[in-house]
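One structure below.
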Amino acid sequence: MSELPVTGPFRISVDATPSGVALDMTHYLSTLVLALAEAASEDGPGLLDDLQAIADLDRSARHQGRDSHATHERDAAVQTLLDELTDGGTVPMYGGQVLRLVKALRLAVAPRPVPAQREAGAA
């Protein structure tokens with residue numbers, strides 16, 4: 001059962017999973033995709049160059065390790081792009097929505113009773 005504790009500016013819903021929760025951030029991610037599409041329509045070659053550079057840095061970072069120069073460069077390039085497209089990648093929440101999210105998370109991870117097992121051989 002999905003609960004929608006955060007309604008804006010980006011909707012966030014919470015679903016319980018067997019091992020925790022799943023946050024549905026589709027609304028925020030849609031905003032990111034639309035911002036990428038707009039950036040591509042304004043400067044497609046420039047955006048493509050930036051994305052290719054990030055991909056190259058990511059390949060180097062995976063090869064060189066977590067604390068490599070390539071990792072730091074990749075992270076900085078990704079952050080620059082997020083700053084340009086989505087106010088840095090942060091998801092704002094206002095007032096009571098923060099408390100509703102906390103409540104939904106607590107409810108989602110609260111121990112749930114296991115339905116009684118059927119008697120052996122019962123259909």
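None of the figures in this text is laboratory data; all of them are computed from the coordinates on show. Bear in mind that the values here come from a model prediction, so they are computed numbers and not experimental data. Please note: Cβ atoms are built from the backbone with ideal geometry, for glycine as well, and neighbour counts cover all protein chains shown.
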With charges only on Cβ, +1 for K and R and -1 for D and E, what is the dipole size of the range 41-90 about its Cα centre, in debye, rounded to 20?
400
Given a Förster distance of 35 Å, report the FRET efficiency between residue 15 and residue 72 from their Cβ-Cβ distance, rounded to the nearest 0.05.
0.50
Just how large is the dipole of the chain about the Cα centre, in debye to the nearest 20, putting +1 at every Lys and Arg Cβ and -1 at every Asp and Glu Cβ?
1020
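What shape does the range 41-90 have by the C-alpha gyration tensor, where a ≥ b ≥ c are the square roots of the eigenvalues, rounded means a/c under 1.5, and otherwise prolate means a/b greater than b/c and oblate the rest?
Taking the square roots of the gyration eigenvalues as a ≥ b ≥ c, the range 41-90 is oblate.
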Charge-dipole axis of the range 41-90 as Lys and Arg at +1 and Asp and Glu at -1 on Cβ define it, positive-most pick from 81, 64, 45
64
Distance in nm between pseudo-label sites at residue 62 and residue 34 (7 Å out along the Cβ direction from Cα):
3.2
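Tell me which DSSP H helices of the chain clear both cut-offs, 18 Å or more of axial length from alpha-carbon atoms and a mean Kyte-Doolittle hydropathy of at least 1.0. Display every interim value, and only then the final one.
Details: long enough: 26-64 (33 Å, -0.07); 69-86 (25 Å, -0.53); 96-109 (20 Å, 1.04).
Span-like helices in the chain: 96-109.
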Extreme residue, positive dipole direction of the chain, given options 12, 91, 108 (C-beta unit charges)
108
Labelled set (i) 201; (ii) 118; (iii) 93; volume of the Cα convex hull per residue in Å³ computed from this model equals the value at (i)
